[in-house]
1. Name the residue that is surrounded by the fewest Cβ atoms within 10 Å (Cβ to Cβ), counting only residues in segment B:8-27 that are among the small types (Gly, Ala, Ser) and away from chain A (no Cβ under 14 Å).
2. Right, residue A:23: touching a residue at least 60 places away in the same chain (Cβ under 8 Å), within 14 Å of chain B (Cβ to nearest Cβ) and over 18 Å from residue A:98 (Cα atoms) or not?
3. Out of everything in segment A:175-188 that is touching a residue at least 24 places away in the same chain (Cβ under 8 Å) and surrounded by fewer than 19 Cβ atoms within 10 Å (Cβ to Cβ), what residue ends up being nearest to residue A:104 (Cα to Cα)?
4. Residues A:80, A:106, A:112: which one is under 22 Å from residue A:251 (Cα atoms) and of a type in the set (Ser, Thr, Tyr)?
5. Could you identify the single residue in A:90, A:44, A:48, A:39 that is away from chain B (no Cβ under 11 Å) and of a type in the set (Ser, Thr, Tyr)?
6. Kindly check whether there is at least one residue in segment A:54-65 that is in a helix (DSSP H, G or I), under 24 Å from residue B:278 (Cβ atoms) and among the polar types (S, T, N, Q).
Amino acid sequence: MKIAFLPKEIDNPYEVLVDKGGVNAVTELKGTGKEVGPSDASASSQVSYINTLIQQKQDAIVIAANDPNAVAPALKDAMSKGIAVVTYDSDAAPDARQIFVNQANSEEIGRSEVKMMAEQIGGSGKIAILSATPNATNQNTWIDFMKDELKKPEYKNIELVKVAYGDDDDQKSFQEAQGLLQSIPDLKGIISPTTVGISAAARYLSSSPYKGQVKLTGLGTPNQMREFVKDGTVTEFALWDPVNLGYLAGYAAAALASGQISGEKGEKFTAGKLGEYTIGDKGEIILGPPTKFNKDNIDDYDF
Amino acid sequence: MLGRLLRWESVLIVLCVAVFVAGSASDGFAEQGNISFLLLDYSEVALLAFALLPIVLTGEIDLSVASTLGFCSALTGTLWDAGMSFETIVPIVILAGILLGAVNAVLVVLFGLPSLAVTIGTLGLYRGLAYVLLGDRAVTGFPENYRPLATDAIPGTFLPYATILVLVVGALIAVLVHVTTIGRSLYAIGLGAQTARFSGIRVNRIKFSLYLLSGGLAAIASLIYTLRYNSARADNANGMELVAVAAVLLGGVSIFGGRGTVLGVATALLAMAGLRNVLFLDDVSNEIQNVITGLLLILSVLVPVVFKPRRTKDVPLEPSVVDTERRTGADTGSRLRRDHQGV
């Protein structure tokens, strides 16, 4: 079985990790996995690669689409020739793929951030959010779910006092974090659901008198947060594991290519060490809850 | 001169044949669908290269062609999004392309500015305007009755409809360049605009029209691109000007003007398209592909320079001499004589 992974851009470190997980999965299944891709993330550059993979008679293509529509005709062509098509990270037009492996559902991300924060501050006190830009789709969806989660009775002593925006700019995020701590003296914690925001806030906290007193959590990568977890600034944060995302996509592609599943809702398949998955609405599979990183496990991850 | 040109073209034809022969060794190369894709994938580049050829022959350049394509694609998307019919959009977009070409023409011809500087400027400007129109959005859902013209091959053959358009445009450019008096004027302008002017050639008018033609062809290329990917975006064909310039230079067209043929450019395009396809099929990484294309390009510029002195011992060929000739534009006689010695 030949399965190819086509990232948005071959130099994108995040997607290279995803594809590594995918190739591992294919190897476990005794197939041949490979990663190919363009060196620019433009809309059309992936199409040449899809054509090549069709000509190479790959059994499955796993792709993170640069443009959901630009790749659609080529992917449909692949499917018409019996090649299984799986998308991850960034979906293609739904009729141009059989399965979309979603890293995590937005609701789960939003709610789990609040749970982590509540655990760290002992269930009461003022908290703030340090987000990306005011109109960032992902972040706003997560923040809505955070607010909804906070309405639950177990969080009645937690008060969300402010949402600040660092515009995913390191400098601005740093200043916003500083501003939050100085303007809200009894602030207990900050949730930053963006990798730029959380690392900038951690950098400020680690050298401020609030270190260890004000809790910080959110979405970050282990490599950028490692030193702050080790020096006690940050207790725990989360992110989905990109290697597992690729691993799941690899298994899904193999299950499709072998005819075990066809991409219909309700079908089940086993994804190696990750266990059993069920295909949901519109051919979507959700990887699962984000992985939590703390001082006990952070050294197991390198991304 | 003709003899020397044909020599370079024969090198290219050999290269082209070699690429396709070597290609057949790769699995999946010599299949109808693949040859069809290979041709289709270079259709926009080919149109841009054919637009560039006459401009480069006059010693000028237009680096804004791919940005013009991008702007026209963004305009197509904006108008389609606004509910305009595709039949109305086509002439508007072609006019817009010609208009962008006219801006280049005014700056280069009327103001006498260096075309390299002007079109590097409009390269950024037109791409920027494309983003002003569409931002990061992508418009899709173009009419399915027109899309096959940009995606399909004529039933039962490997020849895509878009390639036929490219061949027609190539043939028209060939007639313009090699048959008409305007064509001969292009070479004369390239060898020395001043001399050409004194010989009664309407240098400005010709150059002006070439930029309009270039804008128009980029607009046509944008329609193929937009329909082919079913996606209008501001970043469409980003960087394609370099591929088109590479094809023109590899085709044996002198960047200083005055030398080059349509056959050369067409062969270079086919060789590049074939090579790219083969390298893809053999899983050669993008970086290595760029290295190979880059080396080929350097070779194409180097070979004529290295082999020229042998044939023209009596004429000094230091670059400075060539430069002087070009700056004054008066002493083209010696270059013409030199070229003829190669025959």
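The values are calculated or read from the model by the stated rules, or taken from the named source; none is laboratory data. Nothing here was measured: the structure is a model prediction, and the numbers come from that model. Virtual Cβ from ideal backbone geometry, glycine too; neighbours counted across all protein chains shown.
1. Across segment B:8-27, the extreme among qualifying residues is B:10.
2. Spelling it out, residue A:23 is indeed touching a residue at least 60 places away in the same chain (Cβ under 8 Å), within 14 Å of chain B (Cβ to nearest Cβ) and over 18 Å from residue A:98 (Cα atoms).
3. Step by step, filter segment A:175-188, then rank; the result is A:178.
4. A:80
5. Of the residues listed, the single one that is away from chain B (no Cβ under 11 Å) and of a type in the set (Ser, Thr, Tyr) is A:90.
6. yes
Condition check ((1) at pLDDT 95 or above; (2) buried (at least 23 other Cβ atoms within 10 Å of the Cβ); (3) in a helix (DSSP H, G or I); (4) within 23 Å of the chain's Cα centre (by Cα)) across all residues:
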residue: A:201; (1), (2), (3), (4): yes, yes, yes, yes
residue: A:211; (1), (2), (3), (4): no, no, no, no
residue: A:229; (1), (2), (3), (4): yes, no, yes, yes
residue: A:232; (1), (2), (3), (4): no, no, no, no
residue: A:243; (1), (2), (3), (4): no, no, yes, yes
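Residues are listed down the side, and each one gets a yes or a no for (1) in a helix (DSSP H, G or I); (2) of a type in the set (A, V, I, L, M); (3) at pLDDT below 80:
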site: B:267; (1), (2), (3): yes, no, no
site: B:289; (1), (2), (3): yes, no, no
site: B:309; (1), (2), (3): yes, no, yes
site: B:330; (1), (2), (3): no, yes, yes
site: B:335; (1), (2), (3): yes, no, yes
